[in-house]
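Worksheet for the structure shown next.
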Amino acid sequence: MSVHGGDQGNAVAVSNGLCPQYSYYDTYLMAQKAVDEAVRNLVATGADPARMALVDNFCWPDPLEKVSNRDAHHKMAQLVRACEGLYQAAVTFRAPFVSGKDSMKNDFIGKTRGGETVKISVPPTLLVTAIGQVPDADKTAPGYFQNAGDQIYVLGNLTSSLYGSVLAQEFTVLPDTPEYPDLSRNLNLYQRIYQAHQKKLLESCHDISEGGLMSALGEAGFGNDLGMDLQLDSLQWNELWSETGSVFVVSVQAKNKDSFQTHFPEARYLGTVTPEPRMTWSFQQEKHDISLHQLHEIWSKGVLNVYEA
């Protein structure tokens, strides 16, 4: 067996993480969220979290002091914070940065029709690309449900902060602060998800990012035109839409239920995959229902508001 892989059945997974909305709060958090998102996507597919490498791509406003750049010190401080966040994430995940690209002059200076000088700078943005080894391409899982009758669970700690979420961009929500990831705890979960892939316990695995839990559930139904019957009464409203956690929606065959629950005793049961392409759920003792075809049409246009459907 080759030490560096390359055996029959090997594969690689490639993913990205991009979370510029958190830069308005703290670029340290933005950087760590970008790394964590990229790693989550690899792990959801079936990649080994012990065999990952990262690439950074900075798209930054000019951090160098000059007359036309009066807030350069702040931009430089944001850059330092981002690099500190990257360092801590890479050390925790034991994933080296093997390359990168830095673009540090992303500012526009022009004039209004009235002749006034204006300057527009991009938000501090970091794209993280991750690559990971998949030792056995047969031990992977897609991001969408596979079989009617499979059980649906959520793995990871659902969070309540709506900061930077799609919901907060579309609707008025109470002022909030984001939640910082516990990278060591996340790594432990990611290792156990990889082990579950090796045992073929997961029929599907979809990480939660933009749109939160409700979006992830809807997306999981699109791939095979399957639906779901969900019991969400034990959840809080914010937990349905928060994007700050490191969380996964997974589906499990009934025959693997006991082994799955032994492997993930903390898993929260959400419901069952159904043959009809409809998303049905109970929340706060009320029943809701929507066609997944209709939901996909809304989703494909970039607008998700199932309560108006």
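Worth pointing out:
- Candidates Ala95, Ala34, Ala47, Ala53: the one that is in a helix (DSSP H, G or I) and either assigned by TED's automatic domain parsing to the domain that holds Ser251 or of a type in the set (Gly, Ala, Ser) (or both) is Ala34.
This table checks each residue for (1) under 26 Å from Ala11 (Cα atoms); (2) surrounded by fewer than 17 Cβ atoms within 10 Å (Cβ to Cβ); (3) assigned by TED's automatic domain parsing to the domain that holds Ala220; (4) small (Gly, Ala, Ser).
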position	(1), (2), (3), (4)
Gly85	no, no, no, yes
Ala90	yes, no, no, yes
Ser99	yes, yes, no, yes
Pro124	no, no, no, no
Leu127	yes, no, no, no
Leu167	no, no, yes, no
Glu170	no, yes, yes, no
Leu174	no, yes, yes, no
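- Of the residues making up region 200-227, those that are farther than 18 Å from Arg40 by Cα and in contact with a His (Cβ under 7 Å, 6 or more places away or on another chain) number 1.
- Qualifying residue in region 288-302 (condition: at pLDDT 90 or above and either within 26 Å of Ile193 (Cβ to Cβ) or touching a Leu at 6+ places or on another chain (Cβ under 6 Å) (or both)): yes
- Some residue of region 174-183 being among the hydrophobic types (A, V, I, L, M, F, W, C), assigned to a loop (DSSP other than H, G, I, E, B) and without any contact (Cβ under 8 Å) to a residue 60 or more places away in the chain: yes
- Cross-chain or 6+ apart pairs with Cβ under 6 Å, region 103-128 first and closer than 19 Å to Asp62 by Cα, then loosely packed, with under 15 Cβ neighbours inside 10 Å and among the basic types (Lys, Arg): Ile109/Lys119; Thr117/Lys111
- Residues in region 252-265 that are farther than 25 Å from Ser184 by Cα and either buried (at least 17 other Cβ atoms within 10 Å of the Cβ) or touching a residue at least 40 places away in the same chain (Cβ under 8 Å) (or both): Val252, Gln253, Ala254, Asn256, Lys257.
- Contact map, region 142-158: first residue assigned to a loop (DSSP other than H, G, I, E, B), second residue among the aromatic types (Phe, Trp, Tyr), Cβ cut-off under 7 Å, separation 6 or more or different chains; pairs are Tyr144/Phe222; Gly156/Phe248.
- In region 200-229, the residues that are closer than 24 Å to Val35 by Cβ, modelled with pLDDT of 95 or more and in a loop (DSSP other than H, G, I, E, B): Leu202, Ile208
The values are calculated or read from the model by the stated rules, or taken from the named source; none is laboratory data. Keep in mind that this is a model prediction, so the values were computed, not measured. As a convention, Cβ positions derive from the backbone with ideal geometry for all residues, glycine included, and neighbour counts pool all protein chains shown.
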